[in-house]
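The values are calculated or read from the model by the stated rules, or taken from the named source; none is laboratory data. Quantities reported herein were computed from a predicted structural model and do not represent experimental measurements. Backbone-built Cβ (ideal geometry, glycine too); neighbour counts: all protein chains shown.
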Amino acid sequence: MKVFGLVVIALLLSGCGGSDKNSSSVLEEINKTSQDIINNIGQTATEAIEKAGEIGQKVTDVEGDIAQKASQITQIAEEALQGAANVSKDILQKTNETLSDISAKTDKIINDSASTIESVKQKANDIADAAASPLTNADKGKKLFAVCIPCHGAKAEKSAVNKSQIINKWSKDQILKALKGYKDGTYGGAYKATMTPTVKRLSDDDMEELAAYIVNLGK
């Protein structure tokens, strides 16, 4: 617009009949001013282009930074997911191992319990069979002699309180005579009071079996 205005002024001046010298001067001024304006416009345009380039570069840099950070975030997320998957896999494996171990131990306990129960049943049956079976004479004599062991010894090899005779050296008749005498009060010395209550509980058959058992201990 400024250039256009200067041209119009130049035309008006030339049309008013001014001298050629003045017209020439005016035209030169107009050309110079026009050139200055053109130069200013060019410089301004160049600066605008440079600024646009700088802005574009900054935009590119920001986009690149954003893209880089987005890539880093994606990588971190993928690593986190992989880590979580590994942890879940490890937990599952350990859980399965623990369950297998518990199952094996449970089976062992069940088997051991079954064996123990079977063993107890067998022993109970043996005891029941033994209880149902009549005692032999030797077994009965051994059972009767149990109360005599503290004083006479397990083999009737001791002298009771170092006073009595060793009864496993006696005959069956001697033993029977002593037992029956203790029972009816016709036999015994200082220890008669000790022996009598014990022997009173014995039947004639008991005394027979006890005497036979004691005799065999001395053989």
(message) Need the failing condition index for LEU202 against (1) at pLDDT 90 or above; (2) in a helix (DSSP H, G or I), just the number.
(response) (2)
(request) Identify the residue in the stretch 152-210 that is without any contact (Cβ under 8 Å) to a residue 24 or more places away in the chain and aromatic (Phe, Trp, Tyr) and, among all such residues, is surrounded by the most Cβ atoms within 10 Å (Cβ to Cβ). (result) TYR182
(message) Going by what's in this entry, would VAL120 be described as of a type in the set (Val, Ile, Thr), at pLDDT 70 or above and assigned to a helix (DSSP H, G or I)?
(response) no
